[in-house]
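Q: Mind having a look at this structure? Questions to follow.
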Amino acid sequence: MSDSEPTPSRDGGPRGSRPERRMPPPEDEITLMELIVTLSRGRGLIVLSVVGIGLLGVLYSVATPSRYTAESKVIREAGEGGGGSSLPSGIGGIAGGLGIDIGGGGSVGLSPASYPEIATSREVRLAVARDTFYFPSIGRRTTFVDYVNRPPGTLDQILSYTVYLPWTVKGALGSLIGSGQGKRSAGTDSTGTLIYPTEEEEKAISALSGMVSASVSESGALEGGSGLMTVSASSGNPRLSARLNERFIEHLRTRVRELQTEKTRRNLRFVEKRFEEAKQELDAAENRLVQFLERNKGVLAAGSKPQLESRRERLRREVGFKEQLYSQMQKQVTQTRLQLQKEQPVVTIAEKPAPPAQPSAPNRTLNVVLSLFLGGLFGVGATFFRSAIQSREDDDESQEQIQEVQKAWKPSGIVEGVREELGIENDPEGSLTQR
């Protein structure tokens with residue numbers, strides 16, 4: 001090997017040769033330093049975005065009224081007898097002997113698991129809406145229906161056209177669409193049992209749907225298919241929330257009692273009606289016997305008319321049979337009434353509702369933190385977008401593309417685009433022709 005030949009280096013190149021310079025990154029590759037520089041240049045825009053959106057969050061938190069939630073714990077217990085699933089002893093046989101079918105077994109399907117749905121049902125909400133409460137915001141007692149449909153105040157109007165503007169527009173559109181329909185008034189259906197709420201009551205029912213909730217905790221399960229249920233009611237006043245909670249529990253009791261004992265009450269009505277018929281039949285049989293004895297008193301005393309004596313014995317047997325039937329039906333009425341009392345479901349308040357000390361909503365701290373975070377994201381995104389626009393301003397091709405976009409979205413450009421889609425061209429004289 002000659003001395004003039006260079007010695008190979010570790011990387012395979014000749015020792016003593018100049019190291020290759022590292023290639024610069026491609027133009028479209030963004031380095032971390034460029035990101036930091038871009039954010040530094042847009043620091044003012046980021047700060048303004050954070051401050052502006054943060055102020056909006058603060059204004060929203062201040063303008064949103066406080067909500068107070070009152071909670072109560074309710075023990076759900078089913079009544080005895082399966083909710084009227086079977087008839088009292090003897091009624092089935094009597095009804096069968098009379099050729100009447102009043103139904104056999106089978107329950108109404110009501111269990112403690114259905115209590116949360118019943119507590120928030122339309123029937124319960126309608127009953128609560130018709131109750132009277134004291135509303136501190138208006139300083140008087142009135143029904144919930146009248147309170148919801150009262151004329152809006154000055155503050156409510158301001159909030160309706162600022163914070164709640166989307167909901168105001170939605171309500172106005174709904175009223176405009178439904179203005180062609182006739183105003184509905186309260187009434188009953190063809191059977192006379194279902195009461196249709198008025199439009200004002202429907203509005204109150206809808207308002208209550210967002211103010212009450214009922215839930216069951218798995219850890220609160222008790223024996224016998226019962227359990228603990230939590231009822232929550234929210235409003236703008238702590239005392240009103242507690243009062244609403246109480247009324248919901250009271251109407252829940254009434255509604256559950258109606259559903260659970262519906263079949264037994266129907267059976268009771270049948271037994272009472274049959275009891276009245278048995279009483280009338282007994283009175284008629286006794287009257288026939290008395291009239292017969294009065295008309296044939298002397299003849300029967302002489303004992304010379306066997307036919308009359310046979311007739312007398314038949315009337316006495318008829319009176320005895322009617323007395324027996326009357327006595328049985330009287331016992332069945334008493335037993336059915338006792339059965340109805342036994343089947344009354346129990347809704348026991350384990351923890352009474354109390355006015356809450358602190359509002360449950362809104363979470364003003366969380367709202368402000370989220371608004372600041374969103375403001376930061378908006379500022380960072382606006383900074384990168386502005387940087388991308390500015391970096392392309394010196395590029396002729398990009399500048400032409402930007403001008404083309406601006407021209408396309410002008411009114412004249414939009415009209416021209418529609419004409420192109422329809423195949424309509426402008427003649428030199430200005431008239432339109434169809435291609």
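Q: Which count do you get for residues in the range 53-65 that are open to solvent by 30 Å² or more (accessible area, probe 1.4 Å) and in a helix (DSSP H, G or I)?
A: The qualifying residues number 8.
Residues checked against (1) assigned to a strand (DSSP E or B); (2) open to solvent by less than 90 Å² (accessible area, probe 1.4 Å); (3) at pLDDT below 75; (4) basic (Lys, Arg):
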{"site": "Leu340", "(1), (2), (3), (4)": "no, yes, no, no"}
{"site": "Ile349", "(1), (2), (3), (4)": "yes, yes, no, no"}
{"site": "Ala354", "(1), (2), (3), (4)": "no, yes, no, no"}
{"site": "Pro359", "(1), (2), (3), (4)": "no, yes, no, no"}
{"site": "Thr365", "(1), (2), (3), (4)": "no, no, no, no"}
{"site": "Leu370", "(1), (2), (3), (4)": "no, yes, no, no"}
{"site": "Gly376", "(1), (2), (3), (4)": "no, yes, no, no"}
{"site": "Thr383", "(1), (2), (3), (4)": "no, yes, no, no"}
{"site": "Glu421", "(1), (2), (3), (4)": "no, no, no, no"}
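Q: Could you grab me the full set of residues in the range 66-91 that are open to solvent by 50 Å² or more (accessible area, probe 1.4 Å) and at pLDDT 80 or above?
A: Residues satisfying the conditions are Arg67, Glu71, Lys73.
Q: For the range 394-407, check the following and say yes or no: at least one residue is over 40 Å from the mean Cα position of the chain (by Cα), modelled with pLDDT of 80 or more and either β-branched (Val, Ile, Thr) or open to solvent by 100 Å² or more (accessible area, probe 1.4 Å) (or both).
A: yes
Q: Also, I was wondering about something else. Just give me the residues in the range 112-122 being of a type outside the set (Gly, Ala, Ser) and either touching a Gly at 6+ places or on another chain (Cβ under 8 Å) or surrounded by fewer than 16 Cβ atoms within 10 Å (Cβ to Cβ) (or both), in sequence order.
A: Pro112, Glu117, Arg122
Q: Follow-up. Quick one: how many residues across the range 117-159 are modelled with pLDDT under 85 and either touching a Pro at 6+ places or on another chain (Cβ under 7 Å) or on the phi > 0 side of the Ramachandran plot (or both)?
A: Qualifying residue count for the region: 0.
Q: Inspect all residues belonging to the range 249-256 and state whether any of them is within 28 Å of the chain's Cα centre (by Cα), open to solvent by 20 Å² or more (accessible area, probe 1.4 Å) and modelled with pLDDT of 90 or more.
A: The answer is yes; a qualifying residue exists.
Q: Can you name the residue in the range 28-52 that is without any contact (Cβ under 8 Å) to a residue 60 or more places away in the chain and either in contact with a helix residue (DSSP H, G or I) (Cβ under 8 Å, 6 or more places away or on another chain) or open to solvent by 100 Å² or more (accessible area, probe 1.4 Å) (or both) and, of all such residues, is farthest from Gly376 (Cα to Cα)?
A: Residue satisfying both the conditions and the ranking: Asp28.
Q: Something else now. How about the range 128-154: which of its residues are aromatic (Phe, Trp, Tyr), touching a helix residue (DSSP H, G or I) at 6+ places or on another chain (Cβ under 7 Å) and either in a strand (DSSP E or B) or over 17 Å from Ala242 (Cα atoms) (or both)?
A: If the condition is that a residue be aromatic (Phe, Trp, Tyr), touching a helix residue (DSSP H, G or I) at 6+ places or on another chain (Cβ under 7 Å) and either in a strand (DSSP E or B) or over 17 Å from Ala242 (Cα atoms) (or both), then Phe133, Phe135 are the ones that fit.
Q: Right, another one. How many residues are under 30 Å from Leu325 (Cβ atoms) and assigned to a helix (DSSP H, G or I) when one looks only at the range 238-276?
A: 15
The values are calculated or read from the model by the stated rules, or taken from the named source; none is laboratory data. The structure displayed is predicted, hence computed values, not measured ones. Cβ atoms come from the backbone with ideal geometry, glycine included; neighbour counts cover every protein chain shown. Just the protein is used for accessible areas: all its heavy atoms, side chains included, with ligands, DNA and RNA removed. Shrake-Rupley method; radii C 1.70, N 1.55, O 1.52, S 1.80 Å.
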